[in-house]
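**Student:** I am attaching a structure below and will ask some questions about it afterwards.
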Amino acid sequence: MKLAELLAIRPGVTAVIGGGGKTALLRTLGEELAGQHTVLLCTTTKIFPFPDLPCARTAAELDQLRRSHRLLCAGTDLPGTGKLTAPALPMADLAERFDYVLVEADGAARRPLKAHAPHEPVIPPEANQTICVVGASGFGQPILEAAHRPERYASLAGVAETAEAAPETEAAVLRAEGLHDKIYVNQVETLWDLADARALAALLDCPVLAGSLHRKEYFPCW
């Protein structure tokens, strides 16, 4: 099965949060869904443009590009950074123009794990589900190195920042935050990584999918 099927991506707006591969997840889902549907990739925070996709900066560009492309990105230039912020059009309008709108609603400073500050994530109210990405490469590393906002991560997990991140600490953070509908554990490259993903799934009461985006291999854990 394709990743979009395994995650049961529904038409409309899907928010993606967490760390360890959000942008790659958006791109993979977009490529799959664009075979038969129109798909927009965007953000409510900040992302770099997808270098090999057409990208609309204005409403006029968006309407022009969507006539000839099934998959594109949209956003507003953030001066001096090379990044995009949210598109000019409201999310509800985007959802009317595209079959699927996939939104990166979080930042993790390239860390595999993430705890959220009170103002995060920026999940659009139109989202019909929120997928949290967890990077398996963070397990076994000190929280101080593996997690974005390590002090908050450690506090929610009830351990020191110098403690190792593990399925148990990640489950504690996810349960405390309660921001997700589903979990995708990325960076599963070894049997040890898969065992960690399954250990995490056993501690949660939501669907958990494990896999490797670059290898396109996926393992349901429910």
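The values are calculated or read from the model by the stated rules, or taken from the named source; none is laboratory data. Everything numeric here is computed off the predicted structure, so don't read it as measured data. Here Cβ is always computed from backbone atoms with ideal geometry, including for glycine, and neighbour counts include all displayed protein chains. In case anyone asks, the SASA skips ligands and DNA or RNA and just uses the protein heavy atoms, side chains included. Shrake-Rupley method; radii C 1.70, N 1.55, O 1.52, S 1.80 Å.
**Student:** Residues of the range 133-166 being assigned to a strand (DSSP E or B) and open to solvent by 10 Å² or more (accessible area, probe 1.4 Å), which ones? Outline the logic, then answer.
**Tutor:** Step one: of the range 133-166, the residues assigned to a strand (DSSP E or B) are 133-135, 142, 147-148, 164.
Passing the criteria: Pro142, His148, Glu164.
**Student:** Also, I was wondering about something else. Looking only at residues that are of a type in the set (Asp, Glu) and surrounded by fewer than 22 Cβ atoms within 10 Å (Cβ to Cβ) in the range 167-192, which one is nearest to the chain's Cα centre (by Cα)?
**Tutor:** The first filter runs over the range 167-192 and keeps only residues of a type in the set (Asp, Glu), leaving 168, 170, 177, 181, 189.
Narrowing the set further to residues that are surrounded by fewer than 22 Cβ atoms within 10 Å (Cβ to Cβ) leaves 168, 177, 181, 189.
Values: Glu168: 21, Glu177: 16, Asp181: 12, Glu189: 19 Å.
The residue in question is Asp181.
**Student:** Could we say that Tyr218 is of a type in the set (Phe, Trp, Tyr), over 30 Å from Leu89 (Cβ atoms), buried (at least 23 other Cβ atoms within 10 Å of the Cβ) and in contact (Cβ under 8 Å) with a residue 12 or more places away in the chain here? Break it down into steps so the answer makes sense when it comes.
**Tutor:** On the way: of a type in the set (Phe, Trp, Tyr): yes; over 30 Å from Leu89 (Cβ atoms): yes; buried (at least 23 other Cβ atoms within 10 Å of the Cβ): no; in contact (Cβ under 8 Å) with a residue 12 or more places away in the chain: yes.
Taking the combined requirement at face value, the residue does not satisfy it.
**Student:** Among the residues of the range 108-131, which ones are in a strand (DSSP E or B) and under 15 Å from Lys182 (Cα atoms)? Quick ask: steps written out before the conclusion?
**Tutor:** Within the range 108-131, the subset in a strand (DSSP E or B) is 113-114, 127-131.
Those that are in a strand (DSSP E or B) and under 15 Å from Lys182 (Cα atoms): Ala127, Asn128, Gln129, Thr130, Ile131.
**Student:** In the range 43-69, which residues are part of a strand (DSSP E or B), closer than 23 Å to Pro112 by Cβ and of a type outside the set (S, T, N, Q)?
**Tutor:** Our first condition is that a residue be part of a strand (DSSP E or B); within the range 43-69, this holds for 43, 47, 55-56.
Still in the list and also closer than 23 Å to Pro112 by Cβ: 43, 47.
Hit for the range 43-69 is Ile47, nothing else.
**Student:** Select from the range 183-206 the residues that are more than 14 Å from Lys22 (Cα to Cα) and either part of a strand (DSSP E or B) or in contact (Cβ under 8 Å) with a residue 40 or more places away in the chain (or both) and list them in ascending order. It would help to see each step written out before you state the result.
**Tutor:** Narrowing the range 183-206 to residues more than 14 Å from Lys22 (Cα to Cα): 188-206.
Matches in the range 183-206: Val188, Glu189, Asp193, Asp196, Ala197, Leu200.
**Student:** Another question about this same structure. Just one of (1) more than 16 Å from Leu29 (Cα to Cα); (2) in a strand (DSSP E or B) trips up Leu72, so point out which.
**Tutor:** (1)
**Student:** Consider Ala109 against the criteria (1) touching a His at 6+ places or on another chain (Cβ under 7 Å); (2) under 30 Å from Arg97 (Cα atoms); (3) of a type outside the set (Asp, Glu); (4) surrounded by fewer than 22 Cβ atoms within 10 Å (Cβ to Cβ): it satisfies all of them except one. Which criterion is unmet?
**Tutor:** Here Ala109 clears every test but (2).
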